[in-house]
Amino acid sequence: KVHQLSFEQRLPLIRNKVGRRLLEIVLKKQSNLIVAADVTTSQELLSIADEVGPQICVLKTHADIIQDWTDSVSEQLVHLAKLHHFLIFEDRKFADIGNTVELQLTGGIFHIAHWADIVNAHIIAGPGTIEALSRSAEHCGVLLLAQMSSKGSLTVPEYTQKALEMAKQYEDAVFGFISLGCIGEPNFLYFTPGVHLQERGDSLGQQYTDPETVIAVQGSDMAIVGRGIIQSSDRRKAASTYRKACWDAYLQRLGD
Ligand code: BMP
């Protein structure tokens, strides 16, 4: 299933406020590129945010791999997000019972709820996980993991279908999915990791696809690129190359 509606046409179909704000940014910057800033120091994280910021719609973080995380890191990140007009997606993959998830979202040393625009969750524990996240849906949008890019992933078609059903029950909070392409209706957005222009995979089961296949053929909306950009010697240039490849693939899909 591949949608040919434009982002302009889909914007009013999206119930969650953050999802709509994301599409406004996507349209304004002509960018459906998300960078996965998988680095281990706050200095690297902030310099990546500054370097690739102008090219991206979302910066995806893993706060728990930053060795020197403090509240000041998130404050600086939010500052850069405002400066370059991108949203922050903390890829925490919540998967516990609702009560624990609520504590994980607000507490600890990361205080994710204070700074993340987007968070995600596995559906394995049932709707309580999403219920906990949806209580902060005023400021935060939620993505559900419906499929994964890694080899041997257990997300069989029935599982993916369950993710869709759960999303429909929480449409005020859930505005999209982590999936390998379009798996449902145009009122949700589809985010795909495992995107690389050169490599086919890594030694730990990651499987890569190119932007054109993911967006134009498989019908995904947003490409999530980590090492393809992060490990480049010129990150600005790499981000610009990927932004164009992802946007051209989106235009190609509309034109097909
Ligand atoms: P890379 O492009 O360097 O392989 O990084 C991919 C990023 O996307 C990582 O941050 C990883 O946590 C995330 N990711 C993934 O690769 N596959 C999934 O199915 C879900 C993910 O969140």
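Here are some notes:
- Calculated diffusion of segment 190-256, Stokes-Einstein form, Kirkwood radius summed over Cα pairs, 4 °C and 1.567 mPa s, µm²/s: 108 µm²/s
- Computed from the alpha carbon positions, the gyration tensor of segment 1-85 leads to an equivalent ellipsoid with semi-axes of 28, 12, 12 Å, biggest first.
- In units of the rule-of-thumb radius 2.2 N^0.38 Å, segment 134-186 shows an alpha carbon radius of gyration of 1.16.
- The relative contact order of segment 106-184 comes to 31 percent, based on Cα pairs under 8 Å that sit 6 or more residues apart.
- FRET efficiency, 1/(1 + (r/R0)^6) with R0 25 Å, evaluated for SER72 and ASP234 via beta carbons: 0.35
- Only DSSP H runs of four or more residues enter the estimate; each adds -39500 (n - 2.57), and after division by the residues of the chain the mean residue ellipticity at 222 nm equals -11500 deg cm²/dmol.
- Charge tally around LEU145: other residues with Cβ under 12 Å, Lys/Arg +1 each, Asp/Glu -1 each, net +2.
- Kirkwood hydrodynamic radius of segment 162-214, Cα pairs, Å: 12.5 Å
- Positive-end residue, the chain charge dipole about Cα centroid, Cβ charges, pick of GLY128, LEU27, VAL174: LEU27
- Distance (nanometres) between label positions extended 7 Å along Cα→Cβ at ASP256 and HIS85: 2.9 nm
- The fraction of all Cα pairs in segment 74-194 landing in successive 10 Å bins from 0 to the largest distance is 14, 46, 32, 8, 0, given as whole percents.
- All C-alpha to C-alpha distances of segment 120-256, sorted into 5 Å bins beginning at zero, yield P(r) values of 2, 10, 19, 19, 18, 15, 11, 5, 1 percent in whole numbers.
- Over the chain, the ratio between the Cα radius of gyration and 2.2 N^0.38 Å evaluates to 0.92.
- Using only the C-alpha atoms, the convex hull of segment 1-150 corresponds to 123 Å³ per residue.
- Total formal charge among the other residues, if their Cβ is under 14 angstrom from that of SER203, Lys/Arg +1 and Asp/Glu -1: +1
- Taking Cβ atoms as reference points and 14 Å as the exclusive limit, the residues near ALA113 contribute a net charge of -3, counting Lys and Arg as +1 and Asp and Glu as -1.
- For segment 108-149, the Cα gyration tensor yields ellipsoid semi-axes of 18, 12, 10 Å (square root of five times each eigenvalue, largest first, whole Å).
- Just so you know, the averaged projected area of the alpha carbon convex hull for segment 63-108 sits at 3.8 nm².
- Top of GLY107, GLY176, GLY128 by mean-square fluctuation, Gaussian network on the chain, Cα under 10 Å: GLY107
- Probe 1.4 Å, all protein chains present, accessible-area order of HIS139, HIS3, largest first: HIS139, HIS3
- Check: the chain dipole with +1 on Lys, Arg Cβ and -1 on Asp, Glu Cβ, in debye: 560 debye
- Neighbour-limited loop hits for trypsin sites (Lys or Arg not before Pro), segment 1-104 (at most 11 other Cβ within 10 Å; DSSP other than H, G, I, E, B): LYS1
- Coordinate range of the alpha-carbon atoms in segment 2-52 per principal axis, descending: 39, 21, 20 Å.
- Close amide H partners of PHE175, meaning residues 5 or more places away or on another chain with modelled amide H under 5 Å apart, are VAL142.
- Using a cut-off of 30 Å between Cα atoms, the listed pairs LYS162/LYS244; LYS28/LYS60; LYS28/LYS151; LYS162/LYS237; LYS29/LYS151 include LYS162/LYS244; LYS28/LYS151; LYS162/LYS237; LYS29/LYS151 as exceeding that distance.
- Residue-span extension gain [ASP64 to LYS244] - 0.36 nm each, minus C-alpha spacing: 61.8 nm
- Top of ASN99, ASN16, ASN120 by mean-square fluctuation, Gaussian network on the chain, Cα under 10 Å: ASN99
- HIS111-SER153 FRET efficiency (beta carbon distance; Förster radius 30 Å; 0.05 resolution): 0.50
The values are calculated or read from the model by the stated rules, or taken from the named source; none is laboratory data. Just so we're clear, the structure is a prediction, and the values are computed from it rather than from any experiment. Neighbour counts run over all protein chains shown; Cβ positions are idealised from the backbone, glycine included. Heads up: the accessible areas ignore ligands, DNA and RNA and are worked out on the full protein's heavy atoms, side chains in. Shrake-Rupley method; radii C 1.70, N 1.55, O 1.52, S 1.80 Å.
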